[in-house]
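All of the numbers you see were taken from the coordinates with simple rules; none came from a lab. Keep in mind it's a predicted model, so treat the numbers as computed, not measured. All Cβ positions, glycine included, derive from the backbone under ideal geometry; neighbour counts span all protein chains shown.
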Amino acid sequence: MATSGRKPSGFVSLLLLLAGILLFWMSVPNLGTAARAATTDGPRGTFTATRLMCFGHAGHTTCEWLGTFQSDDGTVELEGVKLYGSGSDTFEAGQTAPAVDVGNAGRVYNRTGSHAWIITVVLAVLAYVLLAVVARRHLMPPPLPRKRKPPHDDPRGVRPAFLDEAMFPGDFTD
């Protein structure tokens with residue numbers, strides 16, 4: 001990091017800090033929902049498709065089915081929810097599919113689970129790395145200056161005991 005003896009750039013550190021905070025803000029609140037979606041932890045029930053919702057962005061169109069969800073035991077009824085991962089060719093209006101409500105507002109998931117947790121975890125780890133870099137740049141003490149090597153040839157700085165001047169007078173010039 002700051003091994004060259006220079007102070008770390010305050011501007012770069014500020015950008016890293018803001019990026020880390022933003023990524024944590026985006027990812028950490030969703031970790032629980034992502035884990036429940038991956039493990040299908042929640043009331044199981046039936047999703048009934050009512051209409052297809054398509055959105056275009058950046059030259060790409062994404063479609064999801066909007067509909068209702070009713071839990072198998074009848075305690076949870078949701079209207080206007082989307083089935084995560086449903087595409088334009090998944091249903092026709094009125095068709096049903098098994099689903100699970102993991103507590104994500106406006107969205108239910110297929111009973112086989114979801115891989116949406118991967119991006120959430122990657123963003124949380126990236127946020128942690130960015131914040132750790134900023135902390136290391138500004139909270140760790142600067143590195144100690146390097147010691148100079150001793151003048152003789154031994155890289156460890158130690159002469160073997162049998163090579164002293166008593167055995168070889170005049171051979172050592174320090």
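Here the 3J(HN,Hα) profile of the range 100-110, calculated from phi with Karplus coefficients 6.51, -1.76 and 1.60 at θ = phi - 60°, is 9, 9, 9, x, 7, 4, x, 8, 10, 10, 4 Hz, Gly and Pro shown as x. Among TYR128, TYR84, a tally of other beta-carbon atoms within 10 Å of each Cβ gives an order, fewest to most, of TYR128, TYR84.
Classify the range 42-112 from the C-alpha gyration tensor, please: rounded if a/c falls under 1.5, else prolate or oblate depending on whether a/b exceeds b/c. Walk me through the intermediate numbers first.
Details: a/c = 2.27, a/b = 1.82, b/c = 1.25.
The shape class here is prolate.
Of SER71, SER88, SER27, how do they rank once you tally other Cβ atoms within 10 Å and put the fewest first? Mind showing how you got there, number by number?
Working: SER71 17, SER88 13, SER27 20.
Ranking SER71, SER88, SER27 by Cβ neighbours within 10 Å, fewest first, gives SER88, SER71, SER27.
Counting other Cβ atoms within 10 Å, which trypsin sites (Lys or Arg not before Pro) in the range 65-129 have at most 16 and lie in a DSSP loop? Please report the intermediate quantities before stating the final value.
Details: sites: LYS82, ARG107, ARG111; in loops: ARG111.
Here the sparse-neighbourhood loop sites are ARG111.
Would you work out if the range 8-70 is rounded, prolate or oblate? Take a ≥ b ≥ c from the square roots of the eigenvalues of the alpha-carbon gyration tensor; rounded if a/c is under 1.5, else prolate when a/b is larger than b/c, oblate otherwise. Oblate is the answer for the range 8-70, as a/c is 1.5 or above yet b/c matches or exceeds a/b. For GLN95, the residues whose modelled amide H falls within less than 5 Å of its own, excluding neighbours fewer than 5 places apart on the same chain, are ALA49.
From the Cα gyration tensor of the range 31-156, with a ≥ b ≥ c the square roots of its eigenvalues, which class applies: rounded if a/c is under 1.5, or else prolate if a/b is larger than b/c, or else oblate?
Details: a/c = 4.30, a/b = 3.09, b/c = 1.39.
Prolate, since a/c reaches 1.5 and a/b exceeds b/c.
For a footprinting-style exposure proxy, rank PHE24, PHE47 by other Cβ within 10 Å, fewest first.
Details: PHE24 17, PHE47 29.
The most exposed by this proxy come first: PHE24, PHE47.
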